[in-house]
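Laboratory data are not the source of any read-out in this text; all were calculated from the coordinates shown. Predicted model only: the values in this text are computed from it and were never measured. Neighbour counts are summed over all protein chains in view; Cβ atoms, including those assigned to glycine, are modelled from backbone coordinates with ideal geometry.
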Amino acid sequence: MDAARRHGATLLGQTRAGALTKLADGWRVETNRGPIEAREVVIATNGYTGGLTPDLKRRLIPVASHIIATEVLDPELAASLIPKKRTLADSRRVLCYYRMSPDGSWVIFGGRARFTQVTPEVSAPLMRAMMLERWPQLKGVRVTRAWTGNVAFAFDHLPHMGQTEKGLHYALGCNGSGVAILSYLGADIGKKILGNANKVPSFDGWDFPTRPFYSGNPWFLPAIGSWYRFRDWLDRRLV
């Protein structure tokens, strides 16, 4: 954001786009703060892609990710959890990912308490139970924070960028790796818009699949989540 500001960009939070209209020389975006006109528009909404771009919405599966944070730990206990201070993820179908806080004093633990959005009152106890599976020594530790957000999966499990119409770009389908992938795609789209790209971006213009009758509402996720949990349970029993 600092780099954008240094180059003269105006950043506005809490601004919802409500309509998108093609103009002769660009696009008009209606927002709750008034209209914006631009030569180029980038759709990078990923897990929050909605009715503004319905054709893109039906190519993405939004999946909820739930995260908890513990209270500050005893320094000796904190140092023993991840001695090399790495970020970890397991190999289950219903996976968890976790790390220490930047100062190494408390745990940040995330995963799929549910595949859809639920309140912290539902997600936090489930995430805490998953955390204790991996670290039983944290049994007496309190959870102090819980939050959630959506990631977005594509049907082919690949990220996608391209244009739906002239001047309307998209970068979507990060499949749970949005911090890295969307930064990469954003840089490629920026170069493409400015005409500075000296190569074809890796994910540009690939077929972006959907499924018949899918509108972007992932009604099937609870059943898939139950099936994945059963498969994980069965794998552990068979080991």
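Write down the Å³ per residue value for the convex hull defined by the alpha carbon atoms of region 28-102. Considering the Cα atoms of region 28-102, their hull volume per residue is 195 Å³.
For region 154-239, the relative contact order is 28 percent, taking Cα pairs closer than 8 Å that sit 6 or more residues apart in sequence and dividing their mean separation by the residue count.
With semi-axes defined as the square roots of five times the eigenvalues of the C-alpha gyration tensor, the equivalent ellipsoid of region 62-153 measures 22, 14, 11 Å, largest first. For ALA152, the residues 5 or more places off, or on other chains, whose built amide H falls under 5 Å of its own are GLY47, VAL63, CYS174, ASN175, GLY176. Of the peptides 154-167, 226-239, 26-39, the ranking by mean beta-carbon count within 10 Å, highest at the top, reads 154-167, 26-39, 226-239.
Where Lys and Arg each count +1 and Asp and Glu each count -1, what net charge lies around THR53 among other residues with Cβ under 12 Å from its Cβ?
Working: positive: LYS57, ARG58, ARG59; negative: ASP55, GLU165.
Around THR53, the surrounding residues sum to +1.
Using mean projected area of the Cα convex hull in nm² as the read-out, say which of (1) 16.9; (2) 12.3; (3) 14.3 was calculated from these coordinates. The listed entry that was calculated here is (1). Every helix of 4 or more DSSP H residues in the chain counts as -39500 (n - 2.57), and over all residues that averages to -8500 deg cm²/dmol at 222 nm. Within the listed set SER65, SER91, SER183, the Gaussian network model of the chain (springs between alpha-carbon atoms below 10 Å) gives the highest mean-square fluctuation for SER91. With the simple spin-label model, which puts each label point 7 Å out from Cα in the Cβ direction, the THR10 to GLU76 separation comes to 5.8 nm. Of the cross-linked pairs LYS84/LYS191; LYS84/LYS139; LYS57/LYS191; LYS22/LYS199; LYS85/LYS199, those separated by over 31 Å at the C-alpha level are LYS84/LYS191; LYS85/LYS199. Computed over region 121-178, relative contact order equals 27 percent, with contacts defined as Cα pairs under 8 Å that lie 6+ residues apart.
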